[in-house]
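A.B. asks: First the structure, then my questions, so here it is.
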Amino acid sequence: MPSITVEPCTFALFGALGDLALRKLFPALYQLDGAGLLHDDTRILALAREAGTEQQHLAHIEKELRSYVGKELDESIAQRFLARLTYVHVDFKNADDYTALAEKVGSEQRLIAYFATPAAVYGAICENLAKAGLAENTRVVLEKPIGSDLESSRKVNDAVAQFFPENRTYRIDHYLGKETVQNLIALRFANSLFETQWNQNYISHVEITVAEQVGIEGRWGYFDKAGQLRDMIQNHLLQLLCLIAMDPPADLSADSIRDEKVKVLKALAPISPEGLTTQVVRGQYIAGYSAGKPVPGYLEEENSNTQSDTETFVALRADIRNWRWAGVPFYLRTGKRMPQKLSQIVIHFKEPSHYIFAPEQRLQISNKLIIRLQPDEGISLRVMTKEQGLDKGMQLRSGPLQLNFSDTYRSARIPDAYERLLLEVMRGNQNLFVRKDEIEAAWKWCDQLIAGWKKSGDAPKPYAAGSWGPMSSIALITRDGRSWYGDI
Ligand code: BG6
């Protein structure tokens with residue numbers, strides 16, 4: 001039996017026939033049901049504006065659920081879960097449609113409204129929910145992207161805030177729901193071993209890589225307007241950077257954690273015009289090989305515009321202007337069509353202050369803490385030891401002290417990020433969600449970068465699909481006398 005209790009709710013999913021809902025949200029809700037984490041009285045309303053009957057739409061949702069959950073689907077859980085579902089036709093901008101919705105919702109339990117729709121309609125949905133008397137006590141969940149710059153994100157946030165206060169607004173960054181990302185908090189603040197070393201006295205630099213093997217996967221229309229900086233850096237990578245760089249919060253409450261994260265974002269040094277060429281690399285993939293098969297370039301993907309200069313890769317060096325991190329670069333790198341899917345943070349510790357071993361081994365002397373978010377979630381600390389053997393003298397070797405989550409907790413399935421996030425919304429716990437001022441501080445930093453790019457007019461650098469990005473992303477780090485960890 002689960003050790004936590006979750007109150008009953010009516011979970012209204014706007015955009016229920018969209019890719020995110022079908023691929024991630026219904027399967028996550030199903031898993032929560034299977035884990036005994038949905039209250040018996042919880043109901044799910046699938047809301048969409050597509051024509052068709054309730055029966056057709058529910059059948060489609062069921063078919064997709066079966067395919068995404070796959071072989072592990074348990075028939076009795078599936079039946080219980082599907083019995084919770086109702087389909088309601090709602091044109092999100094039409095106030096009249098919300099009257100019918102209000103009847104289905106009733107007043108006995110809390111409403112959770114999840115917006116898996118474009119952010120442009122969030123304001124209209126909120127207004128219509130309020131008009132239909134459905135705003136009081138309701139929690140709203142906003143998917144990213146919230147806006148495409150500071151100004152547009154403010155508009156969306158302000159439109160929502162007219163009807164829903166911040167403490168009932170849950171902004172999703174699904175990276176915050178990943179098990180290992182949450183482990184960063186435990187690792188940092190439950191181990192005094194690390195916290196005493198966690199600053200510029202002991203750490204030389206930090207790498208954050210979020211590489212994807214996939215390309216655009218039919219999302220060209222959305223992606224081309226966004227690009228990798230808006231799609232990945234503004235949210236996921238900056239959130240990871242905040243969790244690594246923030247000061248210890250006073251407690252685990254949502255606001256204590258978020259206060260510390262905002263301080264980091266505000267301390268990020270803006271990238272200067274010269275920095276645009278030395279500190280940042282934009283790339284776009286051209287045709288190459290992925291998993292041994294030929295794949296097209298970004299400009300040859302389905303529905304592409306062959307003139308696009310949208311970036312599919314970004315590498316950059318970020319500097320944090322505070323006492324803890326002065327002089328410690330954070331190298332961020334993310335791209336589509338990289339050789340493998342890999343999200344990993346590497347903390348590089350400084351060399352010992354006095355070196356007594358053979359000079360030729362000096363280069364490999366530095367401890368590294370490697371936090372693997374996906375795949376093979378785990379943490380490994382590379383420490384120096386001596387090679388075994390009479391003939392080895394004091395030859396050093398770097399070896400891992402390793403904690404692999406899937407081996408260690410073999411029986412436990414690692415939950416998908418959305419399972420955790422949906423559960424936390426139902427529990428009313430906001431600490432895995434992004435506050436308005438965090439989003440705005442992140443946009444502010446990214447906006448100056450985007451403005452710089454626009455002004456320079458430089459095209460992104462090509463890189464072959466299946467490679468680690470343009471050569472200049474290697475130069476970016478080697479210029480500082482370092483290299484990306486583990487690149488082959
Ligand atoms: C999403 C981006 O937020 O994150 C996608 O919009 C990206 O472009 C995805 O593919 C990556 O998420 P994950 O969990 O697969 O690393």
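A.B. asks: Solvent-accessible area per residue for the chain at a 1.4 Å probe radius, Å²?
C.D. replies: On a per-residue basis, the chain sits at 46 Å².
A.B. asks: For K392, go through the lysines and keep the ones whose alpha-carbon is under 21 Å away, minus same-chain ones fewer than eight residues off.
C.D. replies: none
A.B. asks: Below 8 Å, C-alpha to C-alpha, sequence gap of six or more: please give me the relative contact order for the chain in percent.
C.D. replies: Here the relative contact order equals 18 percent.
A.B. asks: Separate question: Give the ranking of D41, D247 by solvent-accessible surface, highest area first, calculated with a 1.4 Å probe. Before the final figure, lay out each step's value.
C.D. replies: Details: D41 90, D247 65 Å².
Ranked list, largest accessible area first: D41, D247.
A.B. asks: Taking each pair of distinct Cα atoms in segment 44-128 once, what is the resulting Kirkwood hydrodynamic radius in Å?
C.D. replies: On the way: mean 1/r = 0.0692 Å⁻¹.
That comes to 14.5 Å for segment 44-128.
A.B. asks: A further question follows. Rounded to whole Å, give me the distance from the Cα center of segment 293-343 to that of segment 125-157.
C.D. replies: 29
A.B. asks: Related question: To the nearest 10 square angstrom, how much accessible area does M471 have with a 1.4 angstrom probe?
C.D. replies: M471 has an accessible surface of roughly 140 Å² with all protein chains in place.
A.B. asks: Let me ask something additional. As a check on your grasp of the helix formula, calculate [θ] at 222 nm for the chain: sum -39500 (n - 2.57) over DSSP H runs of n ≥ 4, divide by the residue count, round to the nearest 500.
C.D. replies: Computed ellipticity for the chain at 222 nm equals -9500 deg cm²/dmol.
A.B. asks: Oh, and also: Would you kindly find the accessible area of F349, with a 1.4 Å probe and non-protein molecules such as ligands, DNA and RNA excluded, rounding to the nearest 10 Å²?
C.D. replies: Result for F349: roughly 20 Å² accessible.
A.B. asks: For segment 312-403, what's the relative contact order in percent, using C-alpha pairs closer than 8 Å and at least 6 residues apart?
C.D. replies: This gives 19 percent for segment 312-403.
A.B. asks: Of L403, Q307, S272, which is farthest towards the positive pole of the chain's charge dipole, taken about the Cα centre with +1 and -1 on the beta-carbons of Lys, Arg and Asp, Glu respectively?
C.D. replies: S272
A.B. asks: Could you work out how far apart the two model spin labels at L73 and R324 are, taking each label as a point 7 Å from the Cα in the direction of the beta carbon, and quote it in nm?
C.D. replies: With each label point 7 Å from Cα toward Cβ, the separation is 4.5 nm.
A.B. asks: With a 1.4 Å probe and every protein chain left in place, tell me how much accessible area E351 has, in Å² to the nearest 10.
C.D. replies: E351 exposes around 90 Å² with every protein chain in place.
A.B. asks: Segment 282-324: which GluC sites (Glu not before Pro) are DSSP loop and have at most 14 other beta-carbon atoms within 10 angstrom? Walk me through the intermediate numbers first.
C.D. replies: Numbers: sites: E300, E301, E302, E311; in loops: E301, E302, E311.
Within segment 282-324, the qualifying GluC sites (Glu not before Pro) (loop, at most 14 other Cβ atoms within 10 Å) are E302.
A.B. asks: Sticking with this structure for a sec: Determine the alpha carbon to alpha carbon distance for each of K93/K436; K225/K455; K24/K454; K63/K225; K93/K444; K104/K178 and list only those over 26 Å.
C.D. replies: Violating the 26 Å limit, Cα to Cα: K24/K454; K63/K225; K93/K444; K104/K178.
A.B. asks: Compute the separation of the alpha-carbon centres of segment 436-483 and segment 11-62 and state it in Å as a whole number.
C.D. replies: 38
A.B. asks: Right, another one. Please give the contour-minus-distance gain from A464 to D96: 0.36 nm per residue of separation, less the Cα-Cα distance, rounded to one decimal in nm.
C.D. replies: So the extension gain works out to 127.3 nm.
A.B. asks: Consider a paramagnetic label point 7 Å from the Cα of K455 along Cα→Cβ; state which residues of segment 251-287 have an amide N under 19 Å from it.
C.D. replies: What the label zone holds, given the 19 Å backbone N cut-off, is 268-282.
A.B. asks: With a 1.4 Å probe and every protein chain kept in, tell me what percent of the accessible surface of the chain is carbon plus sulfur.
C.D. replies: So the carbon and sulfur contribution to the accessible surface is 51 percent.
The values are calculated or read from the model by the stated rules, or taken from the named source; none is laboratory data. From a predicted model like this one, the values you see are computed outputs, not experimental measurements. Methodologically, a virtual Cβ is constructed for each residue, glycine included, from the backbone with ideal geometry; neighbour enumeration extends over all protein chains shown. With ligands, DNA and RNA removed, areas are computed over all heavy atoms of the protein, side chains included. Shrake-Rupley method; radii C 1.70, N 1.55, O 1.52, S 1.80 Å.
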